[in-house]
Protein chains: 2
Amino acid sequence: MRVKRVLKLLAGITICSIFLSVCLWSQCNHGNLPSRQDQNFYRDDLAADRRIQGNFDTEQFHQRGIHTNSLNPEQEVKYHAIDCIINGEYNRPVKCRRDNGDIYVPFDFIKNYFEVYGKLETGDGYEHLAFSHVNSMVHPPRNTYSPSGIFMSFEFYHVEERDRVKCISGMEGVPISTQWTSEGHHYPIQIAQYGLSHHSKHVLQGAPEVLVLEDGEEDRVADWIIVDKRSQVTLTDDTTLGIRVVEFASSDSLKTPGLSISADEKTNHFVSVDLKFISNGSLSVMVETQSQQVFHIHYVLSSTLILIEGRDIYYGLGPRRGQWIHVTRDISIDLQKGLALRYNKGKRAKLKYNFSKITIITIRGHGWLDNLTLASSAHLDGFYSAADWLVTHQNDRGGWPVMVRRKLVPGLLELPPGWYSAMAQGQAMSLLVRAYLSSEKKKYLRAAMEAMKLFEISSEQGGVLAKFANTYEWYEEYPTTPSSFVLNGFIYSLLGLYDLKEVASGDAALMAERLYNVGLTSLKFMLLLFDTGSGTLYDLRHVALGVEPNRARWDYHTTHINQLLQLSVIDKDPLFKTTANRWMGYMKGKRSHHN
Amino acid sequence: MRVKRVLKLLAGITICSIFLSVCLWSQCNHGNLPSRQDQNFYRDDLAADRRIQGNFDTEQFHQRGIHTNSLNPEQEVKYHAIDCIINGEYNRPVKCRRDNGDIYVPFDFIKNYFEVYGKLETGDGYEHLAFSHVNSMVHPPRNTYSPSGIFMSFEFYHVEERDRVKCISGMEGVPISTQWTSEGHHYPIQIAQYGLSHHSKHVLQGAPEVLVLEDGEEDRVADWIIVDKRSQVTLTDDTTLGIRVVEFASSDSLKTPGLSISADEKTNHFVSVDLKFISNGSLSVMVETQSQQVFHIHYVLSSTLILIEGRDIYYGLGPRRGQWIHVTRDISIDLQKGLALRYNKGKRAKLKYNFSKITIITIRGHGWLDNLTLASSAHLDGFYSAADWLVTHQNDRGGWPVMVRRKLVPGLLELPPGWYSAMAQGQAMSLLVRAYLSSEKKKYLRAAMEAMKLFEISSEQGGVLAKFANTYEWYEEYPTTPSSFVLNGFIYSLLGLYDLKEVASGDAALMAERLYNVGLTSLKFMLLLFDTGSGTLYDLRHVALGVEPNRARWDYHTTHINQLLQLSVIDKDPLFKTTANRWMGYMKGKRSHHN
């Protein structure tokens, strides 16, 4: 008995020593990948292991699954680090792994080399690498299209939230863009998209529930907090308007308490009111962040765009004393934009400096107010503010000049301030046509028709009309010389012309129809010049300039797809649908065939 | 003592059991990758291991390097199989590996998904994966170009060796193509390329050393083996040519021994001879393959193209009795093509059925011969045979019609037999100009000038002239309707026009110059329409047809690059050089920027 035990012991210990070397070996193999020298080291190491094996019944040894990581126990250990030489660049090999016949390449290399994406996901306990060819997705538009309906899939747009929107101006209720200039400017495309997105959301969601705080009717008079005895709130008539309103009178100084209504409003963060000041005055909203910090947002009768001082954020309503003005503000956005002047996105997130609730609404100065309300949205206001801005600011050429220098290709393709964009003109048309159809106000339709004029003027003459190969007419998002032929801007301009031709009458209808048809013909001929067989190009600058093609990043590629899907609804040419489907395939790594 | 030993024993055995489970685990992990369930199994398995650890001094345990494959002994085992979900396709995950933070993807997947290449190499003991973005390479042409010099890098072309060359015809010494039809046809592009490649090689290598077997001079009369007493060989004069030749007389039957010269020639496998038969007759060459098999190649006075029966291969010299004919044959190629009628490439390689040596040369029938030689090459013969074929077969439109149906896009872009190719016309010009400059024979120049005529006739009219966007003139390799705008064929046609304009005079020179300049203008405008930002397109069929782009496979991409490099030598526009450099970058996985 005892003798046997001792033998077992020896066997056990020998096995252990083998295990030890095996596991030490595999340890070397699994951390940071070793250099070429290290590989040779492994080989020696393995040789050593094999020597140890020598004393052993190798067959039984393998059956126990020891010292092999292949399914075939006869095979030797093959798993090791291996260099991958990329396109002959011996100086910097990629460290790969080899397991018998199979070679494994680090995903980090693949991501950079092939411009693909991927992250480790562990949802419902299933740990896996989610590999993705692209970093954007398609929001296909609906199968119907009407000039009064949702525009493309703009219900997914949140223009005001974008970082390059400095704020929504207090004077006109439209976004101020910091694209290409940090001071900010009115960028007609952004304004039109702001209007179109709110219109689309309104069509989808309808009017929000509105919480009336004060409308001058006795039965709904608000609980005004009056600290200073000299201040007062009284119900009265506006004889000119023939309506009951609230007269307020207090010091206009922001240092004084003014007249307040307290609230505890988390969801209805849209404050809306009609106001008429006859003194200097202001409307202030006290808000709390998710970190329970308190800020005061003041809407004052000045031309200041936006300003932050300590815990006070200021928006100018313009010097509009002595007239009724309608104010609608998204307090959440106004807080975000105010804080953005001081803290970057990361910092704001860190401080939890985002909107939590409205606590107090205060009015200061002397004047009248009506329809003080809270609501969860105010899409119609966004929609009409944008449409009205376009009507007000359209110049005698029917255009909305962009007042910043645009450097498409620095030194080669630049537009000095004052350029027009066919995309701006077109999206303005789409918005104005919708404003006309929902309000029946002719001023919107007139503006839309005026906006066509620049489509007949060449880029060289300050218009937006280009010609490809001296043959195909193209409406330029950026009317550079030589022409740049940006695809998405052109298609937006065609949608504008389509909307207009559908509602206009007389000569304007004929002109819109002609411009639309000419453009559509060009698009059908030129569309596939943007198809690379694995993605799309953003423009055709390379043709004129002889430079490298400007590939569209994936979110522009998806825009192209959405646009083709939308066009396939209004035009029966199969080209649009077929192409859109192929372009969707590219997003999953498909390529067109090669010869 | 004994007690301690027993403790050691227990310890030993426990360790072993742990080792066992660890290694079993690692085994599961290294063969075919496990499913999601298996992964969970591993986790439980590990948990089990950890339970066992429990009894143990874990610190010491780790120091021994047991049960961890990471470099940091504190970490738990991290290395395991992990699914990669590709673009959300959960139904077929790719089996990857995870080692701590690093994920490794199987190269087999990468190869297929991204269309790249790679193989395991072990040169000088350095085992590595040679990853390659492409499967072809650039042979940049020289920095100089002349219409009498090397054409592009055609010295690398071996037209006659290609599988789609059925054989070199015995009647005219030009390749017979099986492209698009297995019967074979004279494909002018292939014939011109055959001539251009041999011209280029001749320019590079000069005349080969020639081994004269028989030229009718006493001092070099060959050792004729005369078996049949009735057969004879005598030196005599050819009164018409005024030269000494050899008269031969024997039975013309291939069953008879005829008149032979024995040889043992491995390297000089080009047999050349001047022959004049006044009876039926033949020239036969006995060859040995690398597997010591013997074949007989017979050149007979018939119109048979090529034929194999048993060990006999036949080539027809045409019914050319009673005239001096010059025969030059690459015995190695003639053997290959003969055997190709019976065995495919793989089979021939397996049987080692490739040329080893010439053992006997036999003449049969009655007639005269002169200049029977052996040589290592015969580039001038290949060059002039092609040029002469073009002169002989040019029709009154100045063209070389292709007598097979060409289906560029079946059903959509097809050319019925009899079509002309601007590429054939152009490469013929390049060849004919070279033949003219080296021979000073006007017939070659005349044919080259005639070849221009089709460049002024539209594809619809049976010519090769297309227009892009009704503006840019383009010479079509395949003059389809709608036009296909094949890039490489167009550039070859431009090179032909360039060669011609350089040597022609008078009106022809003016016409060539105009056609060249018009084409070059089109090329400069349209070149980048073929640039996808990661490769090139073969043609522009997709624009006219609304179909997917036809990406150029890598060997066409390299052709494009070679052509641009060649153009950059003869035209100073930086476009060609810049573009060629970018396109070379694409071959290493570079891409143009995206916006």
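How large is the Rg to Rh ratio of chain B when both quantities use alpha carbon positions and Rh follows Kirkwood?
Numbers: Rg = 33.9 Å, Rh = 29.3 Å.
Taking Rh as the inverse mean 1/r over Cα pairs, Rg/Rh reads 1.16.
To the nearest 0.05, what FRET efficiency results for B:SER439 and B:LEU254 with a Förster distance of 35 Å applied to their C-beta separation?
Numbers: r = 37 Å, r/R0 = 1.05.
After rounding, the FRET efficiency stands at 0.45.
So if R0 is 56 Å, what FRET efficiency would B:THR239 and B:VAL409 give, r being the distance between their Cβ atoms, rounded to the nearest 0.05?
0.35
Would you mind calculating the relative contact order of the range B:209-376 from Cα pairs under 8 angstrom and at least 6 residues apart, reporting the percent as a whole number? Don't skip to the answer; put the middle values down first.
Working: 420 pairs, mean separation 60.2, N = 168.
It rounds to 36 percent for the range B:209-376.
What percent antiparallel are the DSSP beta bridges of the range A:209-376, to the nearest 5?
Working: 55 of 60 bridges.
Of all bridge pairs located within the range A:209-376, approximately 90 percent are antiparallel.
Less than 20 Å apart at the alpha-carbon level, and either on another chain or at least 8 residues along: which aspartates and glutamates does that give for A:LYS577?
Within the straight-line limit of under 20 Å, A:LYS577 reaches these aspartates and glutamates: A:ASP531, A:ASP555, B:GLU548.
List, shortest first and in nm to one decimal, how far the label point of A:LYS347 (7 Å from Cα along Cα→Cβ) is from its counterparts in the other copies.
Those separations, rounded to one decimal, come out as 8.0 nm.
Under 13 Å from the Cβ of B:GLU155, count the other residues' Cβ atoms, weight Lys and Arg +1, Asp and Glu -1, and hand me the total. Provide the component values of the computation, followed by the final result.
On the way: positive: B:ARG142, B:LYS201; negative: none.
Net local charge, B:GLU155 excluded: +2.
Taking the label point 7 Å from Cα in the Cβ direction, how far apart in nm is A:LEU412 from each other copy of itself, listed shortest first?
3.2
Can you list, shortest first in nanometers, how far B:GLN290 lies from the same residue in the other copies, with each label 7 Å from Cα toward Cβ?
Nearest first, the other copies' label points are 7.3 nm away.
Compute the long axis of helix A:422-439 from its Cα atoms, compare it with the longest principal axis of the Cα atoms of chain A, and write down the angle in degrees, 0 to 90, nearest 10.
Value to nearest ten degrees: 60.
Between A:HIS593 and B:THR578, what is the label-point separation in nm under the 7 Å Cα-to-beta-carbon projection?
Inter-label distance under the simple model: 3.5 nm.
For the interface of chains A and B, what total accessible area is buried with a 1.4 Å probe, rounded to the nearest 100 Å²?
Details: alone 29360 and 29350 Å², together 49500 Å².
What A and B bury together is about 9200 Å².
Express the Stokes-Einstein translational diffusion coefficient of the range B:382-586 in µm² s⁻¹, to the nearest whole number, given a Kirkwood radius over alpha-carbon pairs, 20 °C and a viscosity of 1.002 mPa s.
After rounding, the answer is 124 µm²/s.
Can you give me the angle between helix A:506-526 and the longest principal axis of chain A, using Cα atoms only, in degrees from 0 to 90, rounded to the nearest 10?
Compared with the principal axis, the helix lies near 10 degrees.
Could you grab the relative contact order for the range A:439-493? Cα pairs under 8 Å, six or more apart, rounded to a whole percent.
With pairs under 8 Å counted, the relative contact order is 20 percent.
Can you work out the accessible area per residue across the range B:209-279, with the rest of the protein chains kept in place, probe 1.4 Å, in square angstrom?
58
Taking the alpha-carbon set of the range A:495-574, what are its Rg and Dmax in Å?
My reading of the Cα-based Rg and Dmax gives 15.0, 45 Å.
Would you tally the net charge around B:GLY463, using a Cβ to Cβ cut-off of less than 10 Å, leaving B:GLY463 out, and scoring K and R as +1, D and E as -1?
In short, -1.
Enumerate the lysines that A:LYS352 could reach by cross-link, defined here as Cα to Cα under 26 Å, with residues fewer than 8 away along the same chain left out.
Those lysines meeting the cut-off are A:LYS166, A:LYS266, A:LYS337.
Which of A:LYS442/A:LYS572; A:LYS111/B:LYS95; B:LYS407/B:LYS590; A:LYS201/A:LYS572; B:LYS229/B:LYS276 have a Cα-Cα distance over 26 Å?
On the way: A:LYS442/A:LYS572 31 Å; A:LYS111/B:LYS95 17 Å; B:LYS407/B:LYS590 34 Å; A:LYS201/A:LYS572 28 Å; B:LYS229/B:LYS276 22 Å.
Correct reply: A:LYS442/A:LYS572; B:LYS407/B:LYS590; A:LYS201/A:LYS572.
Take every DSSP beta bridge whose two residues both sit in chain A, then give the antiparallel share in percent to the nearest 5. Before the final figure, lay out each step's value.
Values: 82 of 88 bridges.
Once the DSSP bridges in chain A are tallied, antiparallel ones form about 95 percent.
If a paramagnetic tag sat 7 Å from the Cα of B:ILE261 along the Cα-Cβ line, which residues of the range B:309-328 would have the backbone N under 19 Å from that point?
B:324-328
Taking Cα pairs under 8 Å and at least six residues apart, what relative contact order does chain A come out at, in percent?
Relative contact order for chain A comes out at 12 percent.
Within a Cβ distance under 13 Å of A:LEU307, other residues only, what is the Lys/Arg minus Asp/Glu net charge?
+1
At each listed q (0.08, 0.09 Å⁻¹), what is the log10 of I(q)/I(0) that the Debye formula gives for the protein assembly as shown modelled as equal alpha-carbon point scatterers?
Debye intensities relative to I(0), on a log10 scale: -1.06, -1.16.
Per residue Cα convex hull volume for the range B:310-364, in cubic angstrom?
Roughly 109 Å³ of hull volume per residue.
What are the extents of the Cα atoms of the range B:133-221 along their three principal axes, listed from largest to smallest and rounded to whole Å?
Taking max minus min along each principal axis of the Cα atoms, the range B:133-221 gives 61, 40, 27 Å.
Averaged over all directions, how much area does the convex hull of the C-alpha atoms of the range A:371-478 cover when projected, in nm²? Mind showing how you got there, number by number?
Details: hull surface 37.3 nm².
Averaged projected hull area, Cα only: 9.3 nm².
So for the range B:209-376, what are the equivalent ellipsoid semi-axes in whole Å, largest first, each being the square root of 5 times an eigenvalue of the Cα gyration tensor?
Here the semi-axes work out to 27, 17, 14 Å.
Roll a 1.4 angstrom probe over the protein heavy atoms and tell me the percent of accessible area of the range A:456-575 that is carbon or sulfur.
Of all accessible area on the range A:456-575, carbon and sulfur atoms account for 47 percent.
From the convex hull of the Cα coordinates of the range A:263-360, what is the mean projected area in square nanometres?
Projected over every direction and averaged, the Cα hull of the range A:263-360 covers 5.9 nm².
For chain A, take the longest principal axis of its alpha carbons; what is the angle in degrees between that and the long axis of helix A:2-30, to the nearest 10 within 0 to 90?
40
The values are calculated or read from the model by the stated rules, or taken from the named source; none is laboratory data. Owing to the predicted nature of the structure, the values given are computational and were not obtained by experimental measurement. FYI the Cβ positions are ideal-geometry reconstructions off the backbone, even for glycines, and counts take in every protein chain you see. Just the protein is used for accessible areas: all its heavy atoms, side chains included, with ligands, DNA and RNA removed. Shrake-Rupley method; radii C 1.70, N 1.55, O 1.52, S 1.80 Å.
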